[in-house]
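**Q** Sharing a structure with you now.
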Amino acid sequence: MSLVDDILRALPVFRAEAEALMLDACTITRPGEVVTDPETGDVTNSATEVYSGRCKVQSREGVAASPEAGEARFTVVSRQVYIPANAADVRDGDVVTLTASRLNVFTVGKQYRVEGFTPDTFDTAARL
């Protein structure tokens, strides 16, 4: 037996434990082309759904940043959204929308943009 064999044997258990903590639900969409109806002027985005299911939201950092751009000041708060490992081919730019929460109803409807996602070999969850 090798360490790799031990990890491969334990990984499904670790992934199941990680999924057990995913008490929220979300949908992940990939923005498509913005299309304007020439008759009505209505603007739509042909987004494609890439995932819908369990998730967990967690703070990445305890401190919010307050950068300035021009004369505008805004707040940036970093969050991680966890979904089951290998559940979807998520890419930077995809949008996560929280659709349900068992513990915090105020998170429902919140949206996050995926940035800097890189899956790892031994992930117990995809951390977006």
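The values are calculated or read from the model by the stated rules, or taken from the named source; none is laboratory data. Bear in mind the structure is a predicted one, so any value in this text is a computation, not a measurement. Please note: Cβ atoms are built from the backbone with ideal geometry, for glycine as well, and neighbour counts cover all protein chains shown. Accessible surface areas use protein heavy atoms only, side chains included; no ligands, DNA or RNA. Shrake-Rupley method; radii C 1.70, N 1.55, O 1.52, S 1.80 Å.
**Q** Right, THR27: open to solvent by 40 Å² or more (accessible area, probe 1.4 Å) and either more than 16 Å from LEU98 (Cα to Cα) or touching a residue at least 12 places away in the same chain (Cβ under 8 Å) (or both) or not?
**A** no
**Q** Cβ-Cβ under 8 Å, sequence separation 6+ or interchain: first residue in region 104-128 and under 16 Å from PRO31 (Cα atoms), partner loosely packed, with under 14 Cβ neighbours inside 10 Å and not aliphatic (A, V, I, L, M). Which pairs?
**A** ARG113/GLY93; VAL114/ARG91; VAL114/ASP92; VAL114/GLY93; GLU115/ASP92; GLU115/GLY93
**Q** Would you be able to say whether some residue in region 13-24 is among the β-branched types (Val, Ile, Thr) and part of a strand (DSSP E or B)?
**A** No: zero hits.
**Q** Continuing with this model, one more query. For ALA88, state whether it is in contact (Cβ under 8 Å) with a residue 40 or more places away in the chain, under 30 Å from VAL4 (Cβ atoms), open to solvent by less than 90 Å² (accessible area, probe 1.4 Å) and touching a Pro at 6+ places or on another chain (Cβ under 8 Å).
**A** Working: in contact (Cβ under 8 Å) with a residue 40 or more places away in the chain: yes; under 30 Å from VAL4 (Cβ atoms): yes; open to solvent by less than 90 Å² (accessible area, probe 1.4 Å): yes; touching a Pro at 6+ places or on another chain (Cβ under 8 Å): no.
Considered against the rule, which asks whether it is in contact (Cβ under 8 Å) with a residue 40 or more places away in the chain, under 30 Å from VAL4 (Cβ atoms), open to solvent by less than 90 Å² (accessible area, probe 1.4 Å) and touching a Pro at 6+ places or on another chain (Cβ under 8 Å), ALA88 comes out as no.
**Q** Follow-up. Exactly one condition in (1) over 26 Å from PHE122 (Cα atoms); (2) open to solvent by 70 Å² or more (accessible area, probe 1.4 Å); (3) not β-branched (Val, Ile, Thr) is not met by LEU21; state its number.
**A** All conditions pass for LEU21, except number (1).
**Q** Let me ask you something else. If only one of GLY70, GLY53, GLY41, GLY116 is of a type outside the set (A, V, I, L, M, F, W, C), touching a Pro at 6+ places or on another chain (Cβ under 8 Å) and either open to solvent by 30 Å² or more (accessible area, probe 1.4 Å) or at pLDDT 95 or above (or both), which one is it? Steps first, please.
**A** Values: GLY70 fails: touching a Pro at 6+ places or on another chain (Cβ under 8 Å); GLY41 fails: touching a Pro at 6+ places or on another chain (Cβ under 8 Å); GLY116 fails: touching a Pro at 6+ places or on another chain (Cβ under 8 Å).
From the options GLY70, GLY53, GLY41, GLY116, the qualifying one is GLY53.
**Q** Give region 1-18 a look and list any residue that's open to solvent by 40 Å² or more (accessible area, probe 1.4 Å), closer than 16 Å to ALA87 by Cα and either among the polar types (S, T, N, Q) or in contact (Cβ under 8 Å) with a residue 12 or more places away in the chain (or both), or say none.
**A** The answer is PHE14, ARG15, GLU17.
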